[in-house]
Amino acid sequence: MQQGLDFGRVEALVAGVDEVGRGPLCGAVVTAAVILDPGRPIHGLNDSKKLSEARREALFEEIREKALAWCIARAEVEEIDRLNILQATLLAMQRAVEGLAVTPRLALIDGNRCPPLAVPCAPVVKGDAQVPAIAAASILAKVARDREMLALDAIYPGYGLARHKGYPTAMHLEALARLGPTAIHRRSFAPVRELLEAGPGICTPSDVLLS
């Protein structure tokens, strides 16, 4: 059984920051910042990828209830295409930290880069598997983005968004080739860009329903 990270490693007023959605071909990149309360333990925190969907959903609610502060933020498809995915991710992380109701004394960022912040920050490679606050942020971001992709699946049926969450799986690439890119697809990503250069343009929800 997965025991999760040691909550005893939680430090006061330290925010954990993580992202979900850098690799998909569509949808926003979603980030979260969380300041955990050392006095209100949350058992089973871990990298969101190591948890079942049911466990993530349960922890999502518990984190929002028990954390001292949390914020879910995003960068939209248009920003990803304009800035590039790295800069859009850093922007979304900045928004998450700035959206916290409590100012952290330190922000620990999953990965090897920090966004520009008004508070001290430090990167932590594979931080979601080491730092409880980053693990909590990864869970909030993952659940929020997954829920959004489920909603988009109803608007853009046929692409399999509920299954692959926008990642470039064989199913997604086949649907893209057959139906064409939509308004939620990232035009700066090579598979989408190449189809737009060769094809008739953007596919609308009504186009998908009629196909």
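The values are calculated or read from the model by the stated rules, or taken from the named source; none is laboratory data. Because the structure is predicted, anything quoted here is derived from the model rather than measured. Ideal geometry is used to build each Cβ from the backbone, glycine not excepted, and the neighbour counts take in all protein chains shown. Note: areas computed on protein heavy atoms with side chains; ligands, DNA, RNA excluded. Shrake-Rupley method; radii C 1.70, N 1.55, O 1.52, S 1.80 Å.
Computed from backbone phi, the HN-Hα couplings of region 94-105 come to 4, 4, 5, 5, 5, x, 5, 6, 10, 7, x, 7 Hz, rounded to whole numbers (Karplus: 6.51 cos²θ - 1.76 cosθ + 1.60, θ = phi - 60°; Gly and Pro given as x).
Tell me, what is the FRET efficiency for Val119 and Glu65 to the nearest 0.05, using R0 = 25 angstrom and their Cβ-Cβ distance as r? For R0 = 25 Å, the calculated efficiency reads 0.55. Couplings 3J(HN,Hα) for region 141-151, derived from phi with the Karplus relation 6.51 cos²θ - 1.76 cosθ + 1.60 (θ = phi - 60°), are 5, 5, 5, 4, 5, 4, 4, 5, 5, 4, 5 Hz, where x marks Gly and Pro.
In terms of its alpha-carbon gyration tensor, region 1-109 comes out oblate; a/c meets the 1.5 threshold, while b/c is at least as large as a/b. Computed from phi, the 3J(HN,Hα) profile of region 18-25 under the Karplus parametrisation 6.51, -1.76, 1.60 (θ = phi - 60°) reads 8, 10, 9, x, 6, x, x, 8 Hz, with x in place of Gly and Pro.
Based on DSSP H segments of at least four residues, each scored -39500 (n - 2.57), the chain has a per-residue ellipticity at 222 nm of -12500 deg cm²/dmol. On a per residue basis, the chain carries 46 Å² of accessible surface, using protein heavy atoms and a 1.4 Å probe.
Here the peptides 35-41, 192-198 are ranked by packing, the mean other Cβ count within 10 Å, and the order with the highest first is 35-41, 192-198. With only the Cα atoms considered, the chain has a convex hull volume of 115 Å³ per residue. For the chain, which whole percent of the accessible surface, found with a 1.4 angstrom probe, sits on carbon and sulfur atoms? Heavy-atom surface of the chain belonging to carbon and sulfur, 1.4 Å probe: 55 percent. Please identify which residues in region 125-162 have an amide N closer than 13 Å to a label point set 7 Å out from the Cα of Arg178, following the Cα→Cβ vector. Of the residues in region 125-162, 157-161 have backbone N under 13 Å from the label point off Arg178. Summarising the amide proton neighbourhood of Cys26: residues at separation of 5 or more, or on other chains, whose placed amide H is nearer than 5 Å comprise Arg186. With each label modelled as a point 7 angstrom along the Cα→C-beta vector, the Ala190-Asp6 pair spans 4.3 nm.
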